[in-house]
Amino acid sequence: MLIVMQPNANEEKINKVIDFIKQKGFDAHVSKGENHTVIGAVGRKIIDKRDIELLDGVKEVIRISSPYKLVSRVFKNEDTIIEVKGVKFGGGNIGMIAGPCTIENYEQMEETAKRLKESGVKILRGGAFKPRTSPYAFQGLGEEGLKIIRKVADKYDMAVTSEVMEVSQIPLFEKYVDILQIGARNMQNFNLLKSLGEIRKPVLLKRGLSATIDELLMSAEYILAGGNREVILCERGIRTFEHITRNTLDLSAIPVVQKISHLPIIVDPSHSTGLRDKVSPMSKAAIAAGADGLIIEVHNNPDTALCDGAQSLRNEEYSQLHTELKEIAKVLHKNLN
């Protein structure tokens with residue numbers, strides 16, 4: 001349930017309500033807006049909401065039928081804005097993330113990062129641990145890959161995002177990475193989601209291969225319920241009967257999510273299409289549809305890439321796309337950063 005406090009409720013009154021619901025066996029999650037404070041009471045206990053309505057400073061108590069509470073607009077109406085290295089996602093901002101699918105060596109990362117920095121990119125992506133369909137495919141460099149991308153990012157004053165695959169890897173990722181990424185196959189790895197709720201770094205949560213929007217938001221709820229409010233959702237295409245593209249990019253998910261959730265949502269046009277020549281038009285379409293950012297695969301020499309070269313832009317192709325996206329953002333009165 002959600003407890004809406006009076007606009008003039010002070011900290012003492014708010015804390016008394018928090019203490020009360022905690023005594024009743026609920027977890028308390030506080031959201032402070034411009035006009036009032038909302039307290040989310042999350043738990044499986046049964047309580048008469050009139051007992052809460054009688055507390056000093058309480059305006060109203062709202063029972064939420066939706067299974068996701070903390071990610072909903074009811075809990076927090078204002079857009080959540082997540083900022084990393086000066087790059088903002090949400091609230092009229094379009095954040096850009098780019099880099100290769102996987103970290104192959106220092107030279108590859110250095111050359112790619114240098115060109116991306118020249119284009120204005122401030123967040124570098126690259127996989128160190130790669131969940132692959134085939135056990136014989138390249139699985140990534142592991143910690144050595146994280147060391148490489150961190151070193152390169154520091155050289156060019158960039159932030160880093162990379163995919164974490166299991167709970168035991170979290171301390172390692174906290175050491176090297178600024179945004180911890182959850183891939184499509186791990187969207188419902190609930191033990192991992194719970195553990196990420198305990199850290200204080202942003203999490204980029206990708207939609208599962210066949211996941212509904214409700215399931216995506218429920219996965220985000222796990223992270224927020226653990227105390228981590230910095231979650232960036234990512235639409236990366238879903239599996240359908242179509243086989244021409246790698247996946248089917250569900251652009252309708254953008255306005256749908258933005259209506260019911262305050263969390264920013266970005267788009268991965270690389271994994272969704274799987275084809276280099278489709279990345280640019282779908283990137284533009286995503287921004288036009290209201291996406292709060294993009295995560296794009298870029299490789300200095302995609303023809304020799306160890307992973308997903310066919311869907312990776314060349315450096316010069318990304319540079320042109322970045323320029324074009326800025327013009328679209330201007331039309332929408334948004335800031336592409």
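Per-structure values
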item: Mean ellipticity per residue at 222 nm, deg cm²/dmol - from DSSP H runs of n ≥ 4 across the chain, formula -39500 (n - 2.57); result: -10000 deg cm²/dmol
item: The chain: most fluctuating residue of Tyr318, Tyr68, Tyr156 per GNM, C-alpha cutoff 10 Å; result: Tyr156
item: FRET efficiency estimate (nearest 0.05) - Cβ-Cβ, Asn191 to Asp303, R0 35 angstrom; result: 0.35
item: Protection-proxy order for peptides 329-336, 234-241, each taking the mean of Cβ atoms within 10 Å per residue, highest first; result: 234-241, 329-336
item: Aspartates and glutamates whose Cα lies under 13 Å from that of Lys194, excluding same-chain neighbours fewer than 8 positions away; result: Glu166, Glu221
item: Top positive-direction residue, dipole computed over the chain with Cβ charges, set Gly126, Asn301, Thr248; result: Thr248
item: Sequence-distant lysines (8 or more away, or on other chains) whose Cα lies within less than 22 Å of Lys151; result: Lys85, Lys114, Lys117, Lys122, Lys130, Lys175, Lys201
item: At R0 = 35 Å, FRET efficiency that the Cβ-Cβ distance of Arg73 and Glu110 yields, to 0.05; result: 0.25
item: Ratio Rg/Rh [Cα only; Rh per Kirkwood] for the stretch 19-149; result: 1.19
item: Convex hull (Cα only) mean projected area of the stretch 2-62, reported in nm² to one decimal; result: 3.5
item: Separation in nanometres of the label points that stand 7 Å from Cα toward Cβ, at Asp27 and Val256; result: 2.6
item: Computed FRET value (nearest 0.05) for Asn15 with Arg50, which takes r as the C-beta separation and R₀ as 25 Å; result: 0.75
item: Of (1) 19.2, 65; (2) 20.9, 67; (3) 20.5, 73, the label for Rg and Dmax of the Cα atoms in Å derived from the coordinates; result: (2)
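Only the coordinates and a few stated rules stand behind these numbers; no lab work does. Nothing here was measured: the structure is a model prediction, and the numbers come from that model. Virtual Cβ from ideal backbone geometry, glycine too; neighbours counted across all protein chains shown.
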